[in-house]
Each structure stands twice: as C-alpha cells, then as structure tokens.
Amino acid sequence: MKIIKVNNHCLWLRYGQPIATESLAFDTQNTEELSALPSLPVKIEIMENKIKLSFGLDEAAKVFGLGQNVRGMNKRGGLYESFCTDDPIHTPDKKSLYGAHNFLLITGEKPFGLFIDYPGKIIYDIGYTLHDEMNITISDINADLFIFQNGTLKELTLSFRSLMGNSYAAPKWAFGYQQSRWSYGTKEEVDRIISGFEENEIPCDAVYLDIDYMDDFKDFTVDEQKFPKFEEYVRELKNKGIRLIPIIDAGVKIEEGYDVYEEGVENQYFCLNSQQEPFVAAVWPGKVHFPDFLNPEVRRWFGLKYKTLVDMGVEGFWNDMNEPSIFYTEDRLQRTIDMAKKSEGENLNIHSFFELTHAFKSLFNHPDDYQKFYHQIEGTLINHKSVHNLYGYNMTRSAAEGLEKIDPNRRFLLFSRASTVGLGRYAGIWTGDNYSWWEHILLHLQMMPAINQCGILYTGADTGGFSGNANGQLLVRWSQFSLFSPLFRNHSALNTRAQEPFAFDETITRIMRNVIKLRYALIPYLYSEYMKSVTQHGVYFMPLCFAFEDGFSSEVDDQMLVGESLMVAPVYRENAKGRYVYVPEDMLMWKAVTDKIEKTEIMKKGIHYVDLSLEEVPIFIKKNSLLILARPAMNVDNLDLGELTVLGYVTDEATYIYYDDDGITRNYERGDYSEVIIKVVYEHNQYTVTIKNNGNHTLRKVNLILVGPDDSREERELLIDQ
Ligand code: GLC
C-alpha cells in the first residue's frame, strides 16, 4: 500500500494496481509520500481479495453523498450499490441508479469525506444491517481511497472538487427551457410542438430528437423520410432560436454496409466475448456491438463520428443506454425460449410458473451478462464487470473529446445517462427514467446536491416525469423545482399523456408560461452561479448544513441552497396549498409568479407555514445577499443583459459578483469573461450602491429593489457609466 498526502485535507491510500489505466482523481501534482499511516477515521481490512471499510456511527452522525441514488439526502439506514444500472423504477428499495458516485461525507465532531476510486461494484451498508455501523465492501483490492479531513462539509467537498479539476461548462443557451418526448419522430411533429410554444408565447431554447429520428436506430444517421433536408431544417430552427438535440445510443447496430459497424469490426473496436469475437447484445435496433470505450483509439474514432451531425448544424447531444443497457443476450434468450417451449401444455404450478416468468423478466440487464464481455486495456483483456462503471463515462468522454477536435472553441451541450465521478469534467447528466410521481420531485431535490458534490454540475430531471401520466398540477410543481436546475427539460415516454406546457388546459398553460418566464428572468443569476462553480471547483446546489451550522439545518432534506444567495423550498405534495419551511436565518421571501417582484416578506429564523397558490414559487434571499434578474425573452439569445433588476435583502452590506461570458465559446478559459461587482451598503437608513464593471460587460441600467431590516423597501434606477 502507498500513502500519499495530497493537500491539507486529503490523504490518498493506494491499494494494489488500478484496474483501469487511469485514476479518476486527477490533478494530483502537489503530493507527498508518507512512510507511516496516520490515524484514520475508518478501519480498513483486506479480506479475501476485497477491501472492507468500517466505522461506527454515533446517534447524531449523518452520511451525505453517493451522488445519484435513491432515498434522502442523509443516506443512513440504506443499503446501496455502486453499479451503473438501467432500472427505470426508482423506488426506495433500489440500490443503484444510472450513476456510480463513490463520494461520501460523514458528519460528527470531526467530519470527514471518503472517495473510493474503483470502477467495479462497491456495497455500502450505511446503518442498514447494524444501526450504528457503516460497512463498505469494495470487490477488489485494486482500489484507491481518498480520505478528506480537517474541514467543514463544504471545505471537504471543495477539496474533493479541486482534485478533479474544472467541470464542463454548458453553453448559455442550455439554461433555456428545453422540450423533449419519446418521440417527436417527424419534422411535422417537431413543427407542431414549436408552433405550440410560439402560439402560447412560451419561451423555449431546444427540442429533442429521440431514437426515432435515426434510420433504423443507427447512430449518426438521420431518417430522410421523417426529416427531409435535415441540415436545412436544423439551421431554419436555429434562426428561430431553437436548437435540435439528437440522442446517441451506446450500442452500434449490426448491419452490413453501415459504416460505424463495418469500421468497428474491421479495426477490432468492439468489446469481445470469451472467444475474442465481437460481443453481441440487443438493445433498440436488435443486435448490437458495444464500442470498447476504454480504449483511447476507439474513443477517438467514435468521438469524431459526431461530426456528421455537427456538420449539419447540431450543437448538442444526449448520450443514452450507456450503462450499457442490455435487453437480452442471444444465449440467455434462447434458453428462456426453450424453457417456454418445454412448458407448453404443462400444468404450471407455483414453482414452474414463477420460474418461467422470472426467466423472461430477468432477461433485461441480467447481472451475469455483464461478465460475458471484455475490454482490451493496453493489450490485456479485462472483464467488463470489474470496470463496469467506466463505460458511460468513457462514451461521453469520447464525445466530449471528439467535439473538441471537431469545433475546438465551441461549447456543445452534452449530457449522459450513465456516469461515474470524473464525468463532470466532460459533460453533465440527466437523472434517467423517473416517473410522473410526486415522490420523484422530492427524490430529485434530494439527489441534486449530492450529484454536484461529485463535480457533475450540469444536471436535471425529466421534468413532469418520464413514465406514467402527469397531470397539470404535477407538471407545474415539478417545473417550479426544475427551474433552478441547470438542465430544465420536460421529457416523457412513449404512450404516456402529452405533457408539454400547453398540453393541459388554459390555467396550466398560463401558469407554465409564467414559470418558464421566471426561469428566463433568473438566468443571469443561475448562469453566473453555475459558471463560478465550474471555474472555482464549487457546488451549485447545497444542503442547508453546508452554509448553516445550527444543527437543525442538517435535518432539513426538502430544501436546498442554490448558489450563494438563494434558498429554495419547492412544493412536492399534490393539492398542497403551501408547505412548512425552515428558515435558518432571517431571509427575504419572494413569492414569485413571473419576473414581477410583487409579494415579498421578511421571514424570521424558524419554522413557518407558507401559503402558496399553485402559481407561486417561494424564493428565499439570504440576509445581506443580492439576486439579479433579467426581463424574460423567448430564448436565451434574446435576453437583454444590458438591463437587470437587483433584488436585495440588505441589513448591513451585500456584495454580488455577477459573472458573465459569451456563453458559446471557450474564451472564458483564457480570461475572456466579465465580473460585475455589485455592492450595496445599508447605513443610517440609507443605501449606497456601487457597481464596478470588470471585463467588457454591457450593463447599462440596473433597477434596484432593496429591502432593509424593518421591511423598508427602496426602489430606484441606476444608470451605469460604460
Ligand atoms: C431510454 C432513455 C429515455 C429515452 C428512451 C428512448 O429509456 O432513458 O430518455 O426516451 O430510452 O430512447
């Protein structure tokens, strides 16, 4: 074992050899090798080629983290697995979802963080078997452990984030509202949806193309019948301010004459079976091969395939089915069919009937099928199961690196379904196939901060729910939560009720128009906070206890902080006319309907019941903090960022650094961005406001709405010298 000190907070313990060629923790230049193991907060045992970590949980201890997973923000009480899984039914008894995010924070007198850099299965028993113990089992000794100590929860997270380096920066237009469905499968259908937005005057920046745009589910093809003159169409929509975002799936259809298939076979770019032939699995197109994304040459090849669509004007992609999802393997299907044939005419009893149905049900993503194929890493065959969690990550990395070669200075929209820690450097994620269930609003609220802790900042849920049927009320309340997430996309499944913002009735259409306009008003703030998190290794969503150490804040897991100024407390119960909110310090509550700032009220520290009609969104502005807003527009490119409203709750002094850049290029990486410093001082019942324009921002005018200690409100305009 090797022990390395990385920084004041982080100790790195390296067991065995990493299974994959690279470690996921990255930017580790300042390291110092230690000869003795300092005392650690966890007990480490090596048992039968596994690593077991254990530690006691006192009654007050809470365990945050694990990124995308089920249950509350505090993971205590659950049994979890780190194994990217395509399971669309996200109920609390599930152990894993699409992502595998091995970062945890444990509270206590001396809080500590733990990151396990290992690409196979890890089992987390967090006070499940024994209430006061946590046991983690890593299924190999070839793993790296990073232990973060000596800091607050926030400091430990930032230290972990800084190890990984900067996060992916989505383009600014990707902060606009986005509309998706499986499927808008023809040009006429897409036109109908876009007209719906136009006629109802609802802003929108992107429409998604699901698998049906492809020619027979073949990646990087477009069905000319359904989308004639695709290139012209992409450009025509872009002129209207709408981007088309096609899906790309991991499996490559087996079909003679299909270039991706043929090149892959010829160059041995696909994962292999035990006979060293390309492994066959089945997904949407039927039989497919899986590109071996762990091989850098394959990543280069597949990444450049995106050029076909980029050349047609496409600026964004979503990578799917990359756990990878397996509908069936040929031998398992055959065995199941044989079993069914043998059952024909039989008197099936309790055992034989359930054995038969189980065989069919477990065809999909059967755990043993993940042991049937291999990757080649530096000439060695590695069984997929031991590196499973790297697959979706490397598919998306391949896309990101390819897109960078294709158009080096452009920021593309890119997000993935499967992920592991480290993906955040290349792209974002969406949280996969949820349901139109009220419980899933809360589940996503609880997941978002944990996903951010792993450095994946561009994220969001299928708003309104993917499976099942939404009603208008659910869509409204879900949107009132999603309007704070970087990715605000409404997506739903085949054969479910339509859930576009105008698909219900006039009341819902009106409220949805307002909710989406509110989103556009908030974009300067949301984008500024997002980009600061990207470039400063920060987190965008945080649990309350990251900023407030009052004890009770760590109990609250249905509210969260969004950037440095805001706390949000969405409604997530059907027919609720309001909700209880814990206010950890005096805050200004704005009951927002659109961008109009009408109802505001100072809320004292404590627990309050807040009445909220269906159209009201409670936004809490922290004390001595400022929120910036724009006038909504039909899309991000048309926002006038020269005139902003500043809403502040200032009892002493508040400073806000408003970050902005062109939103489309990588020039920000070379210092081409602006920071407007807005400072408000409240003294002797008067406000003094100074605004410093650093960089070439074109801010001309600011409309100030300032609320003081005794609810005094001052409104005035300020013209800015250019
Ligand atoms: C998967 C994706 C979903 C998509 C569907 C069809 O279930 O998670 O978003 O709509 O496949 O491509």
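The values are calculated or read from the model by the stated rules, or taken from the named source; none is laboratory data. Small disclaimer: the values here were computed from a predicted structure and weren't measured. Cβ atoms come from the backbone with ideal geometry, glycine included; neighbour counts cover every protein chain shown. Remember, those area values only see protein heavy atoms, side chains included, never the ligands or the DNA or RNA. Shrake-Rupley method; radii C 1.70, N 1.55, O 1.52, S 1.80 Å.
Observations on the structure shown:
- Among the strands (runs of 3 or more DSSP E) confined to the range 666-709, the ones with at least 3 residues that are open to solvent by 60 Å² or more (accessible area, probe 1.4 Å) and closer than 23 Å to Lys532 by Cβ are located at 686-694.
- Taking every residue in the range 218-242 that is more than 11 Å from Lys187 (Cβ to Cβ) and pairing it with any residue that is basic (Lys, Arg) and open to solvent by 20 Å² or more (accessible area, probe 1.4 Å), at least 6 positions away or on another chain, the pairs with Cβ-Cβ distances below 8 Å are Lys218/Lys253; Asp219/Lys253; Asp219/Lys305; Phe220/Lys305.
- Among residues of the range 173-204 being of a type in the set (A, V, I, L, M) and more than 16 Å from the ligand (Cβ to nearest atom), the one that is nearest to Phe488 (Cα to Cα) is Ala174.
- Residues of the range 194-210 satisfying the condition of being hydrophobic (A, V, I, L, M, F, W, C) and either buried (at least 21 other Cβ atoms within 10 Å of the Cβ) or in a loop (DSSP other than H, G, I, E, B) (or both): Phe197, Ile202, Cys204, Ala206, Val207, Leu209
- Among the residues making up the range 515-551, a single one is acidic (Asp, Glu) and in contact with a Phe, Trp or Tyr (Cβ under 7 Å, 6 or more places away or on another chain): Glu529.
- Test: residue in the range 617-639 that is assigned to a strand (DSSP E or B), open to solvent by 40 Å² or more (accessible area, probe 1.4 Å) and not assigned by TED's automatic domain parsing to the domain that holds Met73: no
- Residue count for the range 77-122 satisfying the condition of being among the small types (Gly, Ala, Ser) and within 16 Å of the ligand (Cβ to nearest atom): 2.
- Looking only at the range 397-456, and only at residues there that are part of a loop (DSSP other than H, G, I, E, B), more than 16 Å from the ligand (Cβ to nearest atom) and within 14 Å of the chain's Cα centre (by Cα), the one that is nearest to His491 (Cα to Cα): Ile456
- Condition check for Ser492: within 16 Å of the ligand (Cβ to nearest atom), over 26 Å from Val252 (Cα atoms), touching a residue at least 40 places away in the same chain (Cβ under 8 Å) and crowded, with 22+ Cβ neighbours inside 10 Å: no
- Residues being within 24 Å of Gly551 (Cα to Cα), modelled with pLDDT of 95 or more and open to solvent by 30 Å² or more (accessible area, probe 1.4 Å) are entirely absent from the range 647-662.
- Residue in the range 111-126 that is over 18 Å from Pro543 (Cβ atoms) and among the hydroxyl-bearing types (Ser, Thr, Tyr) present: yes
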